[in-house]
Amino acid sequence: MTTLVSQNRPVTSGDARFASGRHNALEIVKNAATRMFDALLVWQARANERRHLAEMDPRILADIGLNRADALKEASKPFWRV
């Protein structure tokens, strides 16, 4: 049996396996939280872009190859839809 010292008490190999599984679970939670945060940032940016698109002047829309109807159609999409 392998013995490590952690927090002023011996840690057995069984404890190490538990810690390893716990580490994996924490990594899974961390990765999920990171992906959720990234998705929120993308959604926020998309909502802002669509709001700005709806507010654009027709001349600016023409410069980027859109008309008012196209801009309003895009702006009316929910933030989660691509």
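Each reported figure results from applying straightforward, stated rules to the coordinates on display, with no laboratory input. These numbers were taken from a predicted model, which means no experiment stands behind them. Counting neighbours? That spans all protein chains shown, and the Cβs are built from the backbone with ideal geometry, glycine included.
If we scan the stretch 23-30, do we find a residue that is touching a residue at least 24 places away in the same chain (Cβ under 8 Å), among the hydrophobic types (A, V, I, L, M, F, W, C) and either at positive phi or part of a helix (DSSP H, G or I) (or both)? Checked the stretch 23-30: no residue is touching a residue at least 24 places away in the same chain (Cβ under 8 Å), among the hydrophobic types (A, V, I, L, M, F, W, C) and either at positive phi or part of a helix (DSSP H, G or I) (or both).
Please go through the stretch 55-71 and pick out each residue that is in contact (Cβ under 8 Å) with a residue 12 or more places away in the chain and in a helix (DSSP H, G or I). Of everything in the stretch 55-71, just one residue is in contact (Cβ under 8 Å) with a residue 12 or more places away in the chain and in a helix (DSSP H, G or I), namely A71.
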